[in-house]
Amino acid sequence: MKLKDWNNARRKLKVDFERQGITRCEKCNGNFALSFGHRLKRRYITTTEELTTVALLCQICHEDLEHGGHDRMYDEITRIIEAR
Ligand SMILES: [Zn+2]
């Protein structure tokens with residue numbers, strides 16, 4: 001997936017999330033340097049569906065998941081999304 005594709009998707013996601021009232025970290029409810037976290041590393045993402053399957057995370061939670069192993073990242077983000 002190209003960076004340009006992600007930039008376009010991110011713009012739409014930001015609007016969608018605000019409309020849904022998701023404006024804080026979905027893991028800790030913090031609001032420090034929020035960004036979207038994927039279940040997969042971006043280089044492994046090949047579909048629009050996976051590109052837009054994200055949780056809103058603060059930088060601390062995002063880094064924690066990024067360094068916690070692929071399986072944990074996948075499972076935690078899936079769990080966050082299912083719990084909405
Ligand atoms: Zn957080």
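In table form, for the structure just shown:
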read-out: The range 68-83 - residue that is modelled with pLDDT under 95 and either within 18 Å of residue 20 (Cβ to Cβ) or of a type in the set (Gly, Ala, Ser) (or both) and, of those, surrounded by the most Cβ atoms within 10 Å (Cβ to Cβ); value: 68
read-out: Conditions (1) surrounded by 12 or more Cβ atoms within 10 Å (Cβ to Cβ); (2) outside any helix (DSSP H, G or I); (3) without any contact (Cβ under 8 Å) to a residue 12 or more places away in the chain: number failed by residue 25; value: (3)
read-out: Tabulated pairs, the range 59-81, first within 11 Å of residue 38 (Cα to Cα) and in contact (Cβ under 8 Å) with a residue 40 or more places away in the chain, second assigned to a helix (DSSP H, G or I) and near the ligand (Cβ under 10 Å from one of its atoms), C-beta under 8 angstrom, 6+ apart or interchain; value: 76/65; 77/65
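For every residue, the table says whether it meets (1) of a type in the set (Asp, Glu); (2) modelled with pLDDT under 95; (3) within 13 Å of the ligand (Cβ to nearest atom); (4) more than 10 Å from the chain's Cα centre (by Cα).
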{"residue": "18", "(1), (2), (3), (4)": "yes, no, no, yes"}
{"residue": "21", "(1), (2), (3), (4)": "no, no, no, yes"}
{"residue": "24", "(1), (2), (3), (4)": "no, no, yes, yes"}
{"residue": "36", "(1), (2), (3), (4)": "no, no, yes, no"}
{"residue": "43", "(1), (2), (3), (4)": "no, yes, no, yes"}
{"residue": "48", "(1), (2), (3), (4)": "no, yes, no, yes"}
{"residue": "61", "(1), (2), (3), (4)": "no, no, yes, yes"}
{"residue": "66", "(1), (2), (3), (4)": "yes, yes, yes, yes"}
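The values are calculated or read from the model by the stated rules, or taken from the named source; none is laboratory data. None of these values were measured; they are calculated from a predicted model. For neighbour counting, all protein chains shown are included, and Cβ atoms are generated from backbone atoms with ideal geometry for every residue, glycine included.
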